[in-house]
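For reference, the structure is listed below as structure tokens.
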Amino acid sequence: MRRMQLSVEKIVRIAFFFLLLFFAAACASQMLLMENSFLVTNYNRYFLILAFLAWAAAAVALCVLPGFKVYTMPFTVTAYLVYSLWVVFPSILITTTQESFVMRIVDVGMPIVVLALSYTVARNYGHSQSSQLAFLALGVVCAFQFVRVMFDFSAIAEESHLVCAYFVMYALPLMMLVKQKVLRILLAMAVLIVIFASFKRGGLIALAFGLIAYLVTMQLIANKMSVGSILIGMVVLAVFVIIFILLGTSGDTTVFDRFENMGSNDTGSGRTLVWPVTLEMIENSDALGLLFGHGSGAVQMDSPIMLSAHNDFLEITYDYGLLGLALYVVAFVSLGFYILRMIREKSPYAPSMVLLYAVYGILSLISHVAIYYWMSVVLLTVGYCIGCNRHDAILSEQTLETLKPEHAVNE
């Protein structure tokens, strides 16, 4: 029986490793679809479909694999699954985009299978070196694709600030699970450079807060909030500031120019215009639309200024109704409480989750997370870290239980 358990674990780890690599390639395909229509072929869409089918098939296969356990999921994971399932119906039944029926299935189905499978695998076996290598590969693949898009002339002509850089940023919490401190610092700096190169102001703000929250959480769970640790933090922060100045002042058009324009002629990339318009659209909805929504991408389709809401909560309210908003808020808030619990328990996964939640929360307010493909990256982090945390906690409890009789005899 022990040999069978080990073989099953090995099979699952290998399968999960290749699924993560497949997922990385799918993210790279989606990055190209987002930024550069001139380089897009049907092969990119086919790859997204194949990635979804691979994850869905693996979810079914692993559930019936002898020795692989399917555990009851904690409230936070269940809440995100319920919200994601709710999104399926308006996205499929109400056609508001030019995407095919199959692609709409892929868009709404991928977050579901990624969250469920990543949690279940991590809950069974915990964190592994193979998964960590795959997470690093995810970041490298997305960074490479970003560089490819950035240096493509047609992409730069279309958009000076490249939103596909967010794929690299959302992969950072997973990459930061590595044990080597120097490597974590290098990864954070690399992602910072990517976000600078993308000219995304919201991303810079979110990443800055996220990295500060990460450093504070690291000190809290290690009980090392000393003068020395504060000095180290200040040095690291100073390095980030130097990078900020060097990168922000290079070139004819700088990232500082975009920050300066926030209060003048660009009105926050349309946010001060689109938020009131979206609110008015919500208020003018009929009872059915207000309750159940108008379909995926409906804000941009119906808006007189043809812009998305630039706010997840407004977008979800119009697209998926008040019921969809309620499910999303419950999931979002419960995730925050779960992370606080992880900090109290001094979980080694707490810093990565804090980094994710800071970036995710800020960009949900001023941009979009939940309606784009990178939500699957967010939910991969949520499912994997919560699953690993539960695995380690149960393993620790079982270890303590086995030691109790021995202590009793010794006493």
Output ordering of 383-394, 55-66 (per-residue mean of other Cβ within 10 Å, highest first) is 383-394, 55-66
Would you mind getting me the FRET efficiency between THR272 and ALA57? Use the beta-carbon distance for r and R0 = 45 Å, nearest 0.05.
-> 0.45
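So for the range 109-198, considering every pair of alpha-carbon atoms, how many percent are separated by more than 23 Å?
Working: 1354 of 4005 pairs.
Summing the P(r) of the range 109-198 above 23 Å gives 34 percent of all pairs.
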Under a point spin-label approximation (7 Å from Cα along Cα-to-Cβ), what is the LYS10-ALA222 distance to one decimal in nm?
-> 3.6
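Would you mind getting me the FRET efficiency between SER100 and PHE151? Use the beta-carbon distance for r and R0 = 35 Å, nearest 0.05.
Values: r = 30 Å, r/R0 = 0.87.
The calculated FRET efficiency here is 0.70.
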Filtering trypsin sites (Lys or Arg not before Pro) in the range 106-212 by DSSP loop and by at most 10 other Cβ atoms within 10 Å leaves LYS179
The range 117-144 residues near the modelled LYS346 label - backbone nitrogen below 20 Å, point 7 Å along Cα→Cβ = 127
How much length is gained if the chain between LEU288 and PHE337 is pulled fully straight, taking 0.36 nm per residue apart and subtracting their Cα-Cα distance, in nm to one decimal?
-> 14.4 nm
Report the convex hull volume per residue for the range 43-106, counting only C-alpha atoms, in Å³.
-> 105
Using 0.36 nm per residue of separation minus the Cα-Cα distance, give me the extension gain between LEU395 and VAL329 in nm, one decimal.
-> 20.6 nm
Averaged per residue, what accessible area in Å² does the range 277-337 show with a 1.4 Å probe, protein chains only?
-> 45
Mind grabbing the accessible area of ASP107 for me, 1.4 Å probe, Å², rounded to tens?
-> 70
Solvent-accessible ranking of ILE193, ILE362, ILE339, largest area first, probe 1.4 Å | ILE193, ILE362, ILE339
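For the range 318-389, run through the trypsin sites (Lys or Arg not before Pro) and keep only the ones in DSSP coil with at most 12 other Cβ atoms within 10 Å of their Cβ. Provide the component values of the computation, followed by the final result.
Values: sites: ARG341, ARG344, LYS346; in loops: LYS346.
Here the trypsin sites (Lys or Arg not before Pro) that fit, given the DSSP loop and packing criteria, are LYS346.
The values are calculated or read from the model by the stated rules, or taken from the named source; none is laboratory data. This one's a predicted model, so the numbers in the text were calculated from it and none came from an experiment. With ideal geometry, Cβ positions are generated from the backbone for all residues, glycine too; neighbour counts draw on all protein chains shown. Side chains included, ligands, DNA and RNA excluded: accessible areas come from the protein's heavy atoms. Shrake-Rupley method; radii C 1.70, N 1.55, O 1.52, S 1.80 Å.
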